[in-house]
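Everything on this sheet refers to the single structure shown next.
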Amino acid sequence: MNNNLLKNAFYGIAALFLIITTSCDSDDDLPTGPSIIVNTFCYGLDSLNSTDVFDAFNREVLETSTTGVFNTRTFIVDENITLENGQLDGTGFLITLDLYGNRELEFQSGTYVIGDTEEVGDAVITYFTDYDASMRTNEGVEIVSGLVGVSPYRTGYAIEIDGIDANGDRFHGIYLGEITPLN
């Protein structure tokens, strides 16, 4: 009887070993990619420059001159630009993002095409590396092609911009967080 018990235990352990070693492939051999970095935008020649962004603000949704097209204007900023009395204040990195949707609703989820038109599903983007809120003549770099993805994230939004700017350089980044309305 002891012999049968040892024999059954051996077969049981051998079967368990075979099941464990052959039933699943290890995750260790899966390819790894770069980690996703949020709240950082890369730009310029070969995307060598990068800036961390800390906040985002938006104006109220307005209907454009084209009936049925609504604009959500958003500002994504670094730590040097703040909100003072309902206005942006400071000097630093700033992105203006105009999203065009078909409803009077902020941040309609989906993918927008970057360009210079103002039709439903379009986005118009300019970035400023040295924006000064006290000046009216800030010059930025327009993003001329690419895509913008917008989706809800917790109580805020995820906004991913991947495009080519007017200099022919890539512009890419993800803003993840709350967006404060400007009054």
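Structure data summary
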{"item": "Pairwise centroid distance, computed over Cα atoms, of region 76-127 with region 50-68, Å", "result": "3"}
{"item": "Heavy atoms of GLU79: accessible area, 1.4 Å probe, square angstrom to 10", "result": "120"}
{"item": "Residues with amide H under 5 Å from that of THR40, placed H, sequence gap 5 or more", "result": "VAL53, ILE174"}
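The values are calculated or read from the model by the stated rules, or taken from the named source; none is laboratory data. Everything numeric in this text was worked out from a predicted model, so none of it was measured. In case anyone asks, the SASA skips ligands and DNA or RNA and just uses the protein heavy atoms, side chains included. Shrake-Rupley method; radii C 1.70, N 1.55, O 1.52, S 1.80 Å.
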